[in-house]
Amino acid sequence: MTRIDDTPPEWDERTQLTTFLDYTRDTVRAKCAGVSAENARRALLPGSPLMTMSGLVNHLRWVEYYWFQVVFLGEDDQGPWTEEDPDREMRIAVDFPLTQLLDEYAEQSARYRELVAKTDLGTTAQRAVRGGLHVDLRWILLHLTEETARHNGHLDILREMLDGTTGD
């Protein structure tokens with residue numbers, strides 16, 4: 001599996017934060033490289049029927065949407081989830097080709113990369129999160145890196161279970 005280097009080209013805070021987020025995003029793509037459409041839809045963990053490679057990619061796409069567009073920019077939430085089906089983004093992912101999900105995730109990430117490049121890291125989110133707290137863009141970048149890295153561990157396990165492929 002090939003990934004980008006996690007060593008930033010510059011050592012300022014913004015470059016370090018965005019390099020690590022991009023690294024975890026690229027790792028998602030690397031974990032999914034060469035996975036068949038059928039395998040991308042397979043749920044291998046009996047206790048987690050929604051945890052498929054497609055489901056995880058779609059989840060990460062919509063997590064970024066939520067944090068950048070809904071929380072940070074304050075836009076209306078147009079995500080696929082509902083109160084009755086809060087994990088719907090993972091459920092519906094199996095209806096789409098993995099390549100489409102990865103392309104949509106990459107296109108969206110490019111838009112957010114542009115947003116982050118032109119916005120001060122200390123800018124406060126428009127919407128409050130838990131307990132009425134307004135996080136800043138820096139916190140969102142750190143949170144998304146953590147979230148993506150955690151799900152990369154899930155992708156790693158699924159990939160090894162599917163076809164034995166392992167790697168960073």
Matching option when the condition is closer than 24 Å to residue 15 by Cα and at pLDDT 95 or above, among 77, 85, 95, 136 = 136
Could you look through region 102-120, keep only residues that are in a helix (DSSP H, G or I) and of a type in the set (Lys, Arg), and pick out the one that is nearest to residue 21 (Cα to Cα)?
-> 113
Here the residues within region 87-117 that are β-branched (Val, Ile, Thr) and within 21 Å of residue 33 (Cβ to Cβ) are 94, 99
Across region 113-127, which residue is most open to solvent (accessible area, probe 1.4 Å) among those that are farther than 15 Å from residue 70 by Cα and among the small types (Gly, Ala, Ser)?
-> 117
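Every residue, every condition in (1) under 30 Å from residue 115 (Cα atoms); (2) under 20 Å from the mean Cα position of the chain (by Cα); (3) of a type outside the set (Lys, Arg), yes or no:
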{"position": "10", "(1), (2), (3)": "yes, no, yes"}
{"position": "14", "(1), (2), (3)": "yes, yes, no"}
{"position": "18", "(1), (2), (3)": "yes, yes, yes"}
{"position": "34", "(1), (2), (3)": "no, yes, yes"}
{"position": "37", "(1), (2), (3)": "no, yes, yes"}
{"position": "41", "(1), (2), (3)": "no, yes, no"}
{"position": "46", "(1), (2), (3)": "no, no, yes"}
{"position": "49", "(1), (2), (3)": "no, yes, yes"}
Test set (1) within 16 Å of the chain's Cα centre (by Cα); (2) closer than 19 Å to residue 153 by Cβ; (3) open to solvent by less than 60 Å² (accessible area, probe 1.4 Å); (4) not acidic (Asp, Glu) - residue 110 fails condition number = (2)
Only residues that are assigned to a loop (DSSP other than H, G, I, E, B), surrounded by 14 or more Cβ atoms within 10 Å (Cβ to Cβ) and out of contact with any strand residue (DSSP E or B) (no Cβ under 8 Å at 6 or more places or on another chain): list them for region 128-149, please.
-> 129
What pairs can you find where one residue is in region 150-161 and closer than 18 Å to residue 21 by Cβ and open to solvent by 20 Å² or more (accessible area, probe 1.4 Å), the other is hydrophobic (A, V, I, L, M, F, W, C) and modelled with pLDDT of 95 or more, and their Cβ atoms are less than 6 Å apart, with a gap of 6+ or different chains?
-> 154/56
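The values are calculated or read from the model by the stated rules, or taken from the named source; none is laboratory data. Given the structure is predicted, the values throughout are model-derived calculations rather than measurements. No Cβ is skipped: glycine too gets one built from the backbone with ideal geometry, and neighbour counts run over all protein chains shown. Keep in mind that these areas ignore ligands, DNA and RNA; they rest on the heavy atoms of the full protein, side chains included. Shrake-Rupley method; radii C 1.70, N 1.55, O 1.52, S 1.80 Å.
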